[in-house]
Amino acid sequence: MAGHFQSAGHRRLKATAAVLAGGLSRRMGADKLSMELGGRSLLDRVLQVLHPRFEEILVVGRAVDGYRSVPDLFPVKASLVGLHSALVHASYPRVFVCGGDMPYLNGSLIEALGDVAEPVVVPRTDRPHPLHAWYEPSVCLAPVEAACRADKLRLTDLLDSLPVSWVDEPWLCRYDPGLSSLTNVNTWGDLP
């Protein structure tokens, strides 16, 4: 699959992109990452945006040809566990983490968020978006692992213990006016 995506002159970030792809799709009742939108699977759409921009791409929780796949390191299926695996396996000091069910990612927004030189950079609209965010493993790994071991798996709760730099809606809209890049697909109603 990696060969399918050609660089279109994007800036290549010396960072890791981690796509969380190990979820159970309970609300959808089917493997949502394989569902097609515009002739490509949701996961392919995510990888197409990330591939030309990142030195390293990890797919967490699922094997995908042409990409480094890494397993969840705790038996529970939860986004926080996926984040933990991404931080453990990343080769670079900064990691962009997103869900594999985010088919409208905006490369310009990802790059702009990456330019915010803080240990944790999280978009916030009416709610936080920790699965479209940047993390530094050196700062985040210990608290993420502690939360996993304590079975405190709500990712939004973890943010209270991290040095988060919040990026609010007016700033985000400069790069993605409709904020569609923050959309993830959880139910059939989320597909157009």
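Descriptive notes on the structure:
- In order along segment 102-109, the Karplus-derived 3J(HN,Hα) couplings, from 6.51 cos²θ - 1.76 cosθ + 1.60 at θ = phi - 60°, round to 10, x, 10, 3, 10, x, 5, 5 Hz, and Gly and Pro are given as x.
- Distances between placed amide hydrogens fall under 5 Å for Glu56 paired with Ala15, Ala17, all partners being 5 or more residues away or on another chain.
- Stokes-Einstein diffusion coefficient of segment 50-190, Kirkwood radius over Cα pairs, 25 °C, 0.890 mPa s, in µm²/s: 158 µm²/s
- Of the trypsin sites (Lys or Arg not before Pro) found in segment 98-192, those in coil by DSSP whose Cβ has at most 16 other Cβ atoms within 10 Å are Lys152, Arg154, Arg174.
- In order through segment 58-63: 3J(HN,Hα) via Karplus (6.51 cos²θ - 1.76 cosθ + 1.60), integer Hz, x for Gly, Pro: 10, 10, 9, x, 7, 7
- Sum of side-chain charges, Ala147 neighbourhood, beta-carbon under 9 Å (Lys, Arg +1; Asp, Glu -1): 0
- Amide H to amide H, with H built 1.01 Å from N, Val120 comes under 5 Å of Ser165, counting only residues 5 or more places away or on other chains.
- Segment 48-76 residues near the modelled Val88 label - backbone nitrogen below 15 Å, point 7 Å along Cα→Cβ: 59-62, 69-76
Any read-out appearing in this document is the output of simple, stated calculations on the displayed coordinates, not a laboratory observation. Everything numeric here is computed off the predicted structure, so don't read it as measured data. Ideal geometry is used to build each Cβ from the backbone, glycine not excepted, and the neighbour counts take in all protein chains shown.
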